[in-house]
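Taken together, the values in this text are just the output of simple stated rules run on the coordinates, not laboratory data. The model shown is predicted, which means the values in this text are computed figures rather than measured ones. No Cβ is skipped: glycine too gets one built from the backbone with ideal geometry, and neighbour counts run over all protein chains shown.
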Amino acid sequence: MEQRHLTCIGCPLGCRLTVKLEREKILSVTGNTCKRGEEYAKKEVTSPTRILTTTVRIEGGRYPVVPVKTERDIPKDKIRDCMEELKAVLLHAPVKVGDVVMHNAGHTGVNVVATSNCCLFHEEK
């Protein structure tokens, strides 16, 4: 029997979880004080996902990069693919919060969006 130890991120309590597995089958989750902990542990052990946050280069903007993120979580094993694709992206100012920077990043079906406005270099905020 295998045991995995996790810190729950489902709520602010940060419970220390123990997941017992046998041949990839979850036998039990302990240590959680709410239902979200059990759900988080099961998802994290079977198919972990993350929100990807990074920056993308931009021309003509006040700053050389603009912050971006995936619209929702993506499979953890697709993060490297998404980062490689985002390295090739070059935006042109202006960019607004919510603008789609990349469709279907890493073939995940999830878009990457800007999380900050980026004005033209000579434009006032």
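Among the listed values (i) -0.79, -1.00, -1.20; (ii) -0.58, -0.87, -1.40; (iii) -0.76, -0.89, -1.09, the one matching log10 I(q)/I(0) by the Debye sum over Cα atoms at q = 0.15, 0.18, 0.22 Å⁻¹ as calculated from this structure is (iii).
Among residues other than Thr70 with Cβ under 11 Å from its Cβ, the summed charge is +2 (Lys and Arg +1, Asp and Glu -1).
Among the listed pairs Lys42/Lys76; Lys42/Lys78; Lys20/Lys43; Lys43/Lys78; Lys35/Lys78; Lys69/Lys96, those whose Cα-Cα separation exceeds 22 Å are Lys35/Lys78.
Comparing Lys35, Lys87, Lys69 in a Gaussian network model of the chain where C-alpha atoms under 10 Å apart are linked, the largest mean-square fluctuation is found at Lys35. Taken along the Cα-to-beta-carbon direction at a fixed 7 Å, the label points for Thr115 and Ser28 span 3.8 nm.
If you place +1 on the Cβ of every Lys and Arg and -1 on the Cβ of every Asp and Glu, how big does the dipole about the Cα centre of the range 53-114 come out, in debye to the nearest 20?
Dipole magnitude for the range 53-114 comes out near 160 debye.
Fully extending the segment from Arg16 to Asp77, taken as 0.36 nm per residue of separation minus the present Cα-Cα distance, adds 19.6 nm.
Sparse packing (at most 16 other Cβ atoms within 10 Å of the Cβ) combined with a DSSP loop state is found for the following GluC sites (Glu not before Pro) in the range 6-107: Glu24, Glu71. From its DSSP helices (H runs of at least four residues, each -39,500 (n - 2.57)), the chain gives a residue-normalised ellipticity at 222 nm of -5000 deg cm²/dmol. Only the Cβ atoms of Lys and Arg (+1) and of Asp and Glu (-1) were treated as charged; on that basis the dipole of the chain about its Cα centre amounts to roughly 420 debye. The long axis of helix 35-46 is offset from the longest Cα principal axis of the chain by roughly 80 degrees. Build a GNM of the chain with springs between Cα atoms under 10 Å apart, and of Leu91, Leu52, Leu21 the one that fluctuates most is Leu21. Please work out the C-alpha center-to-center distance from the range 60-125 to the range 7-25 and express it in whole Å. Here the two parts' Cα centres lie 32 Å apart.
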